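Presented below is the structure to which this report refers.
The values are calculated or read from the model by the stated rules, or taken from the named source; none is laboratory data. These numbers come from a predicted model, not from an experiment. Using ideal geometry, Cβ is built from the backbone for each residue, glycine included, and neighbour counts are taken over all protein chains shown. We work out accessible area using only protein heavy atoms, side chains counted, and drop any ligands, DNA or RNA first. Shrake-Rupley method; radii C 1.70, N 1.55, O 1.52, S 1.80 Å.
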Amino acid sequence: MKKAFMGFLAATVITAGVFCSKSGNGDDNGNDNGFDKTAMLTNYADQLIIPAYQSLQEKVNGFQALANSFLDTRSTANQQALLEAYKQLHLQYTRVEAYNLGPAVVASLEVYLNYNGGLDYNFASNGELVGFSIDSTTIENNISSGSYDLSLYVRNSFYAQGFAALNYLFFGPNAIAKFNTNTANRVKYAKDVIHRMKSLVDRINTDWTAYRTEFISNTRTNVGSPIGNMINAMAYELDVLKGPRIGWPFGKQSNGIAFPTKVEAYFAGNSAALAQESMRNLKKVFTANGSGKGLSDYLISLDKAELASQVTAQFDLLISKLDMLPDPLSTTITAQPAKVEEAYKEIQKLLTLIKTDVASATGVQITFMDNDGD
């Protein structure tokens, strides 16, 4: 377990922003033709990152209210309303994943809300706790005992809270019936999972107020800088798409043996939608939503206009391939493997462009590692 977990630590620690800033390659070199990186970072902070976290906060609050209604009156109608709110909440979370830096890393947001195995496939041989797994055993033990600590920094805790737990508790097999057995403990656990999610998201929204000044003032591209972290985060999210989101359930690391139940949000059934939204948002990050103050524009200032266009075009191609994968993805993986394979190939191409070409052009060092190759 230690070997497997270290891969995840390597993948997350690099995005801690100025909290782990170091000197090294990627310092300002005067070759960006006067491009205003402070304005670019200000645009990211004020127009993309902070609004995205604020929207996540609003959706957490809305989900909590509907969850309380369901827990008070456990009906199919209330469950369906909660499912729709859940899907919107999870989609919004995919829109902040690329901003897993600064306060989000300090709070270990990804670990506690949407753990994906940390790009380590060591647990895949027996199909247990790999990628976006759900540790139903730990969840049920926590409910039965009534004794648990969701702040523990251990793998079983990660898989027993956040979106994984919401999927299982509210939308898993016989979810309503299970709430009628050991009702008090189960209701308390569900409320505690949501409360912890809300507390983490509230904390990040508060902390970004203070972190904003540090974020926009550091225009370097070295390890730990905002620009370096955003490019690393883009590469990391593509690695997540290539591995835990699509590749691993599809069987790319298990000799073609698929694990369709290991897709993200298995019980909610919106795994493909999450993958699609993740890439739409990543394109938005790359181009800063076409504002003229994004990483793509920074590449152009570095005389890398062709690369900027190539990356944007590859985003469009990948998104078109992902859009051909219907939900539930768990069914598509086995029913339409050729379409999944087509999307997988385009993921690999875009990952290489970001990890190699964009990183090289900007002087950014990719500082996380995966263990399945590119």
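One table, with the values for the structure above:
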{"read-out": "Stretchable slack from Glu341 to Thr181, in nm (0.36 nm times residue separation minus alpha-carbon distance)", "value": "53.3 nm"}
{"read-out": "With DNA, RNA and ligands ignored, accessible area of Ser108 (1.4 Å probe; Å², nearest 10)", "value": "20"}
{"read-out": "Gyration tensor verdict on segment 30-95 (Cα atoms; rounded if a/c is under 1.5, prolate if a/b is larger than b/c, oblate otherwise)", "value": "prolate"}
{"read-out": "Equivalent ellipsoid semi-axes, segment 134-207, via Cα gyration tensor eigenvalues times 5, rooted, Å", "value": "21, 13, 11"}
{"read-out": "Relative contact order of the chain, defined on C-alpha pairs under 8 angstrom at six or more residues apart (%)", "value": "26"}
{"read-out": "Anchor Lys345: lysines whose Cα lies under 16 Å away (excluding residues fewer than 8 positions away in-chain)", "value": "Lys242, Lys252, Lys321, Lys355"}
{"read-out": "Calculated log₁₀ intensity ratio I(q)/I(0) where the Debye formula runs over C-alpha points of segment 236-275, q = 0.25, 0.28, 0.29 Å⁻¹", "value": "-0.79, -0.92, -0.96"}
{"read-out": "Residue-normalised accessible area of the chain, expressed per residue, 1.4 Å probe, Å²", "value": "38"}
{"read-out": "Residue of Asp36, Asp239, Asp149 that the Gaussian network model of the chain assigns the largest fluctuation, springs spanning Cα pairs under 10 Å", "value": "Asp149"}
{"read-out": "Paramagnetic reach from Asp357 in segment 216-259 [backbone N under 18 Å; point 7 Å along Cα→Cβ]", "value": "231-232, 234-236, 238-239"}
{"read-out": "16 Å cut-off, amide nitrogen to a point 7 angstrom out along Asp46 Cα→Cβ, residues in segment 196-222", "value": "209-218"}
{"read-out": "Heavy-atom SASA rank of Thr94, Thr137 (probe 1.4 Å, accessible area, largest first)", "value": "Thr137, Thr94"}
{"read-out": "Cα Rg, Dmax, the chain, angstrom units", "value": "20.3, 66"}
{"read-out": "Accessible surface of Phe368 - all protein chains present, 1.4 Å probe, nearest 10 Å²", "value": "10"}
{"read-out": "Segment 89-241 pair-distance distribution - Cα-Cα, 5 Å bins, rounded %", "value": "2, 8, 16, 19, 18, 15, 10, 6, 3, 2, 1, 0"}
{"read-out": "Partner lysines for Lys198 [C-alpha distance under 23 Å; skip if fewer than 8 residues away on the same chain]", "value": "Lys59, Lys87, Lys188"}
{"read-out": "Span-like helix ranges in the chain, DSSP H, alpha carbon extent 15 angstrom or more, Kyte mean at least -0.5", "value": "2-13, 50-72, 226-240, 271-287, 305-322"}
{"read-out": "Length added when fully stretched, Gln54-Asn255, from 0.36 nm per residue minus Cα-Cα", "value": "68.2 nm"}
{"read-out": "Extension gain (nm, one decimal) between Ser69 and Ser217, 0.36 nm per residue minus Cα-Cα", "value": "48.8 nm"}
{"read-out": "Most mobile of Gly243, Gly172, Gly224 in a GNM of the chain (Cα contacts under 10 Å)", "value": "Gly172"}
